[in-house]
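Asker: The structure follows.
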Amino acid sequence: MSIHHALARAAERLSLTSPTPRLDAELLMAAACGLSRDCLLLDPPDEPSPPEFEQLVERRKAGEPVAYLTGRRGFWTIELEVGPGALIPRPDSETLIVAAVEHFAGRPGPQRILDLGTGPGTLLLAALDEWPAATGIGVDCSSAALTYARRNAARLGFGDRVELLEGDWTRGIDERFDLVLANPPYVAADAALGAGVAEYEPHEALFAGRDGLDNYWALAPELGRLLSLGGLAAIEIGFDQAETAGALFRQAGLSPRPAQDLAGHPRALLIRFS
Ligand SMILES: C[S@@+](CC[C@H](N)C(=O)[O-])C[C@H]1O[C@@H](n2cnc3c(N)ncnc32)[C@H](O)[C@@H]1O
């Protein structure tokens, strides 16, 4: 079967289970052909559809995330290698990078960056791509996630600018940073998630106790000792947590300000240290 026909047929099959069937089919075909999606669409190979494509479509139909099937996910200006054990980067988290870019606009960029709960290196590596003179530390409690972070740092050429530590949030970190980024787990234990999320993505990257606030309790009292003068902490929150999480940071003596995502939902708390 030609690539053109295989794509059309796969999109039809995936429309039963995926909200983005054509996009999924194109990403899976690109991976099966060893091409970028742009190359596939602009200059499709004049060859039959590769047999791996059918297997990928079947797995996608059963609910496996596209990023785990292709092993790749774009975030901000970089592409990250991802797989089971590492949270798939979400566009919502780019709100933190946007806020940091705005904070440092017109002044020297951050020199030292800390990413708490770095996963596959998502926020730290995006920030290092944005500020080429910066170096940073990424912390995660998951050795599986850190394996991806190490590979991503090396593949992007940031190996000598990054330290990746397996640990519990800020424990053992005794330094001040110009930029502290954190996207901790914040889903309440009984919350319903989108199709495939809880089945495939690591629970330690998603859930945070009965009300989803456990990790903000842990992080809020630490930020004061970690931020440099003029620095910024950007902490991701659930779309309905601006009030509850904000109150925890205020209790720790900080003045958080919400930042909105492109849809206008508060998705981060920003804390400046001046
Ligand atoms: C929501 S994911 C964020 C991943 C990545 N930073 C991103 O933005 O896509 C949260 C991450 O925090 C890590 N984590 C959970 N509890 C932790 C802890 N106590 N200390 C360090 N990392 C933790 C998880 O393993 C996971 O990688």
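The numbers here are math on the coordinates, done by the rules we state, and not lab data. Remember, predicted model here, so these are calculated numbers, not experimental data. Cβ: placed from backbone, ideal geometry, glycine included. Neighbour counts: every protein chain shown.
Asker: Calculate how steeply helix 143-155 sits against the longest principal axis of the alpha-carbon atoms of the chain, using the helix alpha-carbon long axis, and give the answer as 0 to 90 degrees to the nearest 10.
Answerer: With both axes taken from Cα atoms, the answer is about 80 degrees.
Asker: Could you quote the convex hull projected area for region 1-134, Cα atoms only and averaged over all directions, in nm²?
Answerer: Reported value for the Cα convex hull: 9.5 nm².
Asker: As an exercise, identify the GluC sites (Glu not before Pro) in region 173-230 lying in DSSP coil whose Cβ has no more than 16 other Cβ atoms within 10 Å.
Answerer: When the GluC sites (Glu not before Pro) of region 173-230 are filtered for loop state and at most 16 Cβ neighbours within 10 Å, 175 remain.
Asker: For region 222-271 and region 94-161, what is the centre-to-centre distance using only Cα atoms, to the nearest Å?
Answerer: Cα centres, region 222-271 to region 94-161: 18 Å.
Asker: Can you give the charge dipole size of region 150-274 about its Cα centre, rounded to the nearest 20 debye, using +1 on the beta carbon of Lys and Arg and -1 on the beta carbon of Asp and Glu?
Answerer: Once rounded to the nearest 20, the dipole reads 460 debye.
Asker: Can I ask one more? Can you compute the charge dipole magnitude of region 3-63 about its Cα centre, using +1 on each Lys and Arg Cβ and -1 on each Asp and Glu Cβ, nothing else charged? Give it in debye, rounded to the nearest 20.
Answerer: So the magnitude is around 340 debye.
Asker: Here is a follow-up. Tell me which residues come under 5 Å, amide H to amide H, from residue 268 once H is placed; ignore anything under 5 positions away on its chain.
Answerer: 237, 259
Asker: Suppose we take every Cα in the chain and form the convex hull; what volume per residue is that in Å³?
Answerer: Roughly 133 Å³ of hull volume per residue.
Asker: Report, in debye and to the nearest 20, how large the dipole of the chain comes out about its Cα centre when Lys and Arg carry +1 and Asp and Glu carry -1 on their Cβ.
Answerer: So the magnitude is around 440 debye.
Asker: Which of 96, 124, 248 moves most in a GNM of the chain, Cα contacts under 10 Å?
Answerer: Residue with maximal mean-square fluctuation among 96, 124, 248: 248.
Asker: Report the residue, chosen from 259, 192, 220, that carries the largest GNM mean-square fluctuation when the chain is represented by alpha-carbon nodes joined by springs under 10 Å.
Answerer: So, out of 259, 192, 220, the one fluctuating most is 192.
Asker: Which is farthest toward the positive dipole end of region 180-274 among 207, 262, 220, measuring Cα position about the Cα centre, with Cβ charges +1 (Lys, Arg) and -1 (Asp, Glu)?
Answerer: 220
Asker: Among 67, 144, 191, whose mean-square fluctuation peaks in a Gaussian network model of the chain (Cα, cutoff 10 Å)?
Answerer: 191
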